[in-house]
1. Over segment 210-321, what is the mean sequence separation of C-alpha contacts under 8 Å (at least six apart), divided by residue count, expressed as relative contact order in percent?
2. May I ask you to order 12-18, 258-264 by the average number of other C-beta atoms within 10 Å around their residues, highest value first?
3. Sorted by mean Cβ packing within 10 Å, highest first, what order do the peptides 236-242, 64-70 take?
4. Under a Cβ-Cβ cut-off of 12 Å, what is the net charge of the residues other than GLN281 that fall near it, where Lys and Arg count +1 and Asp and Glu count -1?
5. Set Lys and Arg Cβ to +1 and Asp and Glu Cβ to -1, take the dipole of segment 1-114 about its Cα centre, and tell me which of HIS41, VAL84, SER26 lies farthest positive.
6. Provide, as a two-decimal number, the C-alpha radius of gyration of segment 17-175 over 2.2 N^0.38 Å, N being how many residues it has.
7. Quick one: 3J(HN,Hα) in Hz for segment 277-283, Karplus 6.51/-1.76/1.60 with θ = phi - 60°, rounded, Gly and Pro as x.
8. Where does helix 142-157 land angle-wise versus the long Cα axis of the chain, in degrees 0 to 90, nearest 10?
Amino acid sequence: MSICGGVAGYRGGSPKGIFIHNDAGSQNANAAFYRTWLPSHPLENGFAHYYVADDGILQAEDDAYGAWHCADYDGNMNYLSIEVCQSMGNLNIFRENEERALQLAANKCKEYGINPNESTIRLHREVYATSCPHRSVEIHGGTNGCKTYFINRIRELMGMDLIPLMIDSGTGNVNHGGMALVDFIYSVRAGGVIYPEVKNLADYAGVRGVAITDIAIRCNKGSLKYRVHNLGGNWLSYVTGCDWNDYQNGYAGNSKIIDAVEVYYDTPKEIVNRYGYQKAQYRVSPLNGDYYAWQYDNETDHGQDGYAGIFGAAIDRFQLF
Ligand SMILES: [Zn+2]
């Protein structure tokens with residue numbers, strides 16, 4: 001029996017789409033919190049199928065049942081609902097929760113044969129007077145930007161083509177919603193082998209269990225600088241180019257095993273003026289281990305180190321977008 005016990009009614013069959021919410025909850029409103037909060041509060045106040053937080057994903061209702069999540073009968077009965085939790089808390093944690101919520105949505109789309117588009121991936125504010133999903137809307141450039149981002153990120157995770165960018169009805173501006181505003185393309189050398197380039201989050205660069213020694217990065221707009229730290233050694237000089245034949249400025253590394261990398265993206269003025277500053281968002285994993293937290297540029301607030309990696313631990317995967 002699910003936590004919510006099928007109280008909103010049985011649908012059976014496949015949901016026709018997914019609503020993605022922000023919970024307007026604090027840093028403490030994680031999966032463990034909802035696990036005890038939901039059974040002790042009237043469900044009429046609202047609940048969703050899934051709660052995605054930094055301590056995991058809570059499924060509060062089975063997929064085959066409705067959920068009272070959007071105050072709209074069709075939405076409640078015929079769609080799945082995913083809450084991105086801790087939306088009033090730390091931004092980086094929220095972004096990670098949102099990313100995992102979109103991964104969950106992509107899995108559910110695959111499971112139920114849902115084609116992610118304007119009518120299947122829904123926002124609460126489309127059917128009800130609410131700011132939800134407030135934080136996602138804020139960071140992805142408004143309602144259309146947020147919706148475009150959700151749809152295209154889910155499609156990207158499913159290996160599908162992206163939909164055209166939505167036009168902001170108010171301003172007429174093309175709204176990229178944070179998608180592919182800047183493409184980062186990168187490759188690594190590990191165990192003496194240079195592996196194929198990866199674009200954004202299409203894959204990761206590296207091979208599980210093989211220590212990375214060098215990294216080459218480029219982007220399609222603006223410029224970047226990056227450097228790596230040798231295991232048991234020091235930071236090497238920054239480089240700005242991307243060319244495996246240019247050992248001075250074409251890649252970061254000296255063929256020795258590295259344990260950390262720092263990437264800084266310099267946003268061109270025309271992008272700053274229109275969309276604001278963009279950041280390199282990247283992460284690494286220790287040999288055969290789980291990824292460490294995302295790092296943004298060389299930021300050191302919110303528990304970030306200013307680089308990805310831990311001194312003393314070789315890395316085997318690198319991702320950047
Ligand atoms: Zn909502």
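What follows draws every value from the coordinates through simple rules; no lab data is involved. What you see is a predicted model, and the numbers here were worked out from it, not measured in a lab. Every residue, glycine as well, gets a Cβ built from its backbone with ideal geometry; the counts of neighbours run over all protein chains shown.
1. 27 percent
2. 258-264, 12-18
3. For the peptides 236-242, 64-70, the packing ranking is 64-70, 236-242.
4. Local net charge: -1.
5. VAL84
6. The value comes to 0.98.
7. 5, 9, 10, 6, 10, 8, 7
8. 70 degrees
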